[in-house]
Ligand code: ATP
């Protein structure tokens, strides 16, 4: 579904991604792990059209999307839930959801309301909170809202940048189980996480990044069994 070949991305003089290639299969949940500054956010941002690569190719569903603008990428069926959640705190939950894919609904209010209902089914904790100000929600609910907003464009590929950050373990578990449910509906997922243990529980396959490249890749069972990865990223617990 997504194929990246020899990607290179700079932030000014800093090379954040170097000669990176990967493939994400339709319907899988790929976890991208690695330390701070490894290039994980840059990878997602580049697929989403926020950063222009200096080298390489990004192919989505057989079509090149390299260098496309963010709004074009969204229209192709790719949605990014960024690390900072970026919900509009002063607006209501409902308004935040509506803004998730404004272009899709200009002429079709029933479809909009139907999509919102579907998303609320996935996040029952948001039900009944539709008119609350987004900023008044707990961190966990804000993260659910951010994911819900990302789903409003009906993506085939959903990319999440550290959705567990700052959340209590119970809430992290809830979010991870929602991702598993979403996967079952056919959405392909790329999950960037520093919370390695939680990510490995739900991932089908795993990439480990270091200094802009991939150091390990494989299915989650093999990655969990790899002692060098255990030591470097998982602790010995
Ligand atoms: P984190 O978990 O801290 O977000 P990451 O693995 O997502 O880490 P990136 O944020 O992609 O890593 O950063 C990769 C490299 O690019 C780092 O060296 C970082 O300092 C640098 N970098 C990231 N964004 C910018 C930017 N906007 N301008 C300059 N350098 C940047």
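Quick notes on this structure:
- Mean ellipticity per residue at 222 nm, deg cm²/dmol - from DSSP H runs of n ≥ 4 across the chain, formula -39500 (n - 2.57): -10000 deg cm²/dmol
- Segment 108-231 shape via C-alpha gyration tensor axes, a/c threshold 1.5: prolate
- Equivalent ellipsoid semi-axes, segment 131-177, via Cα gyration tensor eigenvalues times 5, rooted, Å: 18, 16, 8
- Protection proxy ranking, peptides 68-78, 142-152, average beta carbon neighbours within 10 Å, highest first: 142-152, 68-78
- Principal-axis tilt of helix 169-184 within the chain, Cα atoms, nearest 10 degrees: 90
- The relative contact order of the chain comes to 27 percent, based on Cα pairs under 8 Å that sit 6 or more residues apart.
- For segment 97-167, Kirkwood radius (reciprocal of mean inverse C-alpha pair distance, Å): 12.8
- In segment 1-89, Rg over Rh equals 0.95, where Rg is the alpha-carbon radius of gyration and Rh the Kirkwood radius from pairwise Cα distances.
- Relative exposure of 11, 216, judged by other C-beta atoms within 10 Å (fewest first): 11, 216
- Angle in degrees between helix 109-122 and the longest Cα principal axis of the chain, rounded to the nearest 10: 60
- Quarter of the Cα convex hull surface for segment 24-156, i.e. its orientation-mean projected area (nm²): 9.3
- Sorted by Cβ density within 10 Å, fewest first, the residues 185, 215: 185, 215
- Note on residue 211 and residue 86: with the Förster distance fixed at 30 Å, the Cβ-Cβ geometry gives a FRET efficiency of about 0.65.
- Highest-fluctuation residue, 58, 190, 224 considered, GNM on the chain with Cα pairs under 10 Å: 224
- Using alpha-carbon coordinates, inclination of helix 139-151 to the longest axis of the chain, degrees: 90
- Whether segment 177-221 is rounded, prolate or oblate, judged on the alpha carbon gyration tensor where a/c under 1.5 counts as rounded: prolate
- For the chain, share of DSSP beta bridges that run antiparallel, in % to the nearest 5: 55
- Pair residue 54, residue 99: separation of 7 Å Cα→Cβ label points (nm): 3.4
- Ratio Rg/Rh [Cα only; Rh per Kirkwood] for the chain: 0.96
- Here the Debye sum runs over all C-alpha atoms of segment 51-122 as equal scatterers in vacuum, and log10 of I(q)/I(0) at q = 0.19 Å⁻¹ comes out as -0.95.
None of the figures in this text is laboratory data; all of them are computed from the coordinates on show. All values derive from a computational prediction rather than experimental measurement. Here the Cβ is made from the backbone with ideal geometry for all residues, glycine too, and neighbour counts use every protein chain on show.
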